[in-house]
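Report on the structure given below.
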Amino acid sequence: MKPASFEYVTARTVEEAVRALADSEGEGKCLAGGQSLVPLMNFRLARPPLLVDLGQVDELRQLRHDDDGSLVVGALVTHREVAGSPLIAERVPLLAEAAREVGHAAIRNRGTIGGSFAHADPVAELPCVGLTLDAEIVAAGPHRRRTIAAADFFQGPFTTALAADEVLVEIRFPASGAERSGWAFCELARRRGDLAVVGVAAQLERRGQRLSARIGLAGVAGRPVRAVAAEAGLSGATPDAASFRAAGEAVAASLAPPSDIHGSAALRRRVASVLTERALERAARRLEAA
Ligand SMILES: Cc1cc2nc3c(=O)[nH]c(=O)nc-3n(C[C@H](O)[C@H](O)[C@H](O)COP(=O)(O)OP(=O)(O)OC[C@H]3O[C@@H](n4cnc5c(N)ncnc54)[C@H](O)[C@@H]3O)c2cc1C
């Protein structure tokens, strides 16, 4: 199928993009990598009358760290760049590992982190990592820029806190402050490159003698979620096989996942539990080696 007809404008600045969206009275859509939006348009599941192409907006390609140690990733940074960036590997290796799981090489070459966050697929890897690491999303609207915590940004399936006339500018990953950390992203997909059925992001952090854990889950609810009970159970615990198994069991007990053609609720609960244990084991090995 081909898309319904639409107007097309190229923005050169964030402000131009915001103005074009505002002029379309909330009907226009940003075009980033096009890897989600264009298929939706081709199937006529989306019929935006206006596309605002962000491809020429240099500000959205930034990748830097700020003085406070946070990593700033511009909306147009591609999955491939996230996966291969030495800066991201050093500062937020969990994000790089998750990006390697996104789709196929062709998708990673064009798809962007901003597009992934704005699209908010409940099984997407990068939003799950954003929630796990307490990322902040910077959005530009007609009157101001605002910062939205990841916990408030993802509101439901394909639904975010972005207003129709806002552009996602960048995502900030705060410095963890941990002396040492270990991380892992594990997922189950039916075939390599398919969207995940369930994904798990885990990060173990050590401050002095104290251990803390961050665990995020994709594919078990309408949006990414934190495994709060499992995190609490690991706080101050000895990082060993028994505590990781208990964390997996706590995850299974806390979930009420959806059933769909990709997997039943029971399968998702079981897979989330197993992948949590597995991700924590891999994160612990990296913590040991750090
Ligand atoms: C075969 C296939 C496999 C895939 N596998 C995976 C996978 O395993 N994991 C995964 O996460 N994704 C997967 N995807 C989706 C892919 O990763 C997309 O790249 C991503 O979801 C959207 O990024 P994009 O840059 O292509 O955004 P686009 O398709 O251009 O846009 C997506 C949505 O976000 C909005 N948007 C984009 N950028 C901005 C911005 N800066 N500000 C405001 N709104 C914005 C658009 O208006 C649109 O609504 C797959 C896609 C395909 C076709």
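Scanning the stretch 117-147 for residues that are in contact (Cβ under 8 Å) with a residue 60 or more places away in the chain and among the small types (Gly, Ala, Ser), which turns out nearest to residue 192 (Cα to Cα)?
124
Would you tally the residues in the stretch 173-201 being under 24 Å from residue 156 (Cβ atoms) and either in the same structural domain as residue 100 (by TED's automatic domain parsing) or assigned to a strand (DSSP E or B) (or both)?
8
Looking at residue 103, is it surrounded by fewer than 23 Cβ atoms within 10 Å (Cβ to Cβ) and out of contact with any His (no Cβ under 8 Å at 6 or more places or on another chain)?
Numbers: surrounded by fewer than 23 Cβ atoms within 10 Å (Cβ to Cβ): yes; out of contact with any His (no Cβ under 8 Å at 6 or more places or on another chain): no.
Judged against the criteria, residue 103 is not a match.
Output the residues belonging to the stretch 125-138 that are surrounded by fewer than 24 Cβ atoms within 10 Å (Cβ to Cβ) and within 13 Å of the ligand (Cβ to nearest atom).
Passing the criteria: only 138.
Could you tell me whether any residue of the stretch 185-207 is of a type in the set (Phe, Trp, Tyr), over 25 Å from residue 264 (Cα atoms) and touching a strand residue (DSSP E or B) at 6+ places or on another chain (Cβ under 7 Å)?
No, the stretch 185-207 has no match at all.
Restricted to the stretch 80-103, and to residues that are hydrophobic (A, V, I, L, M, F, W, C) and touching a residue at least 40 places away in the same chain (Cβ under 8 Å), which residue is nearest to residue 63 (Cα to Cα)?
Ranking the qualifying residues of the stretch 80-103, first place goes to 82.
What pairs can you find where one residue is in the stretch 277-290 and under 22 Å from residue 253 (Cα atoms) and assigned by TED's automatic domain parsing to the domain that holds residue 213, the other is part of a helix (DSSP H, G or I) and charged (D, E, K, R), and their Cβ atoms are less than 7 Å apart, with a gap of 6+ or different chains?
277/245
Looking at (1) touching a residue at least 60 places away in the same chain (Cβ under 8 Å); (2) touching a strand residue (DSSP E or B) at 6+ places or on another chain (Cβ under 9 Å); (3) within 11 Å of the ligand (Cβ to nearest atom), which is the one condition that is false for residue 36?
All conditions are met except number (2).
Does residue 79 fit the bill of being surrounded by fewer than 20 Cβ atoms within 10 Å (Cβ to Cβ), within 21 Å of residue 200 (Cα to Cα) and within 7 Å of the ligand (Cβ to nearest atom)?
no
Say we look at the stretch 156-195 and pick out the residues that are away from the ligand (no atom under 16 Å from the Cβ) and surrounded by fewer than 17 Cβ atoms within 10 Å (Cβ to Cβ); which of these is farthest from the chain's Cα centre (by Cα)?
179
The values are calculated or read from the model by the stated rules, or taken from the named source; none is laboratory data. If you're wondering where the values come from, they're calculated on a predicted model, not measured in any experiment. Reconstructed Cβ throughout: ideal geometry from the backbone, glycine too, with neighbour counts over all protein chains shown.
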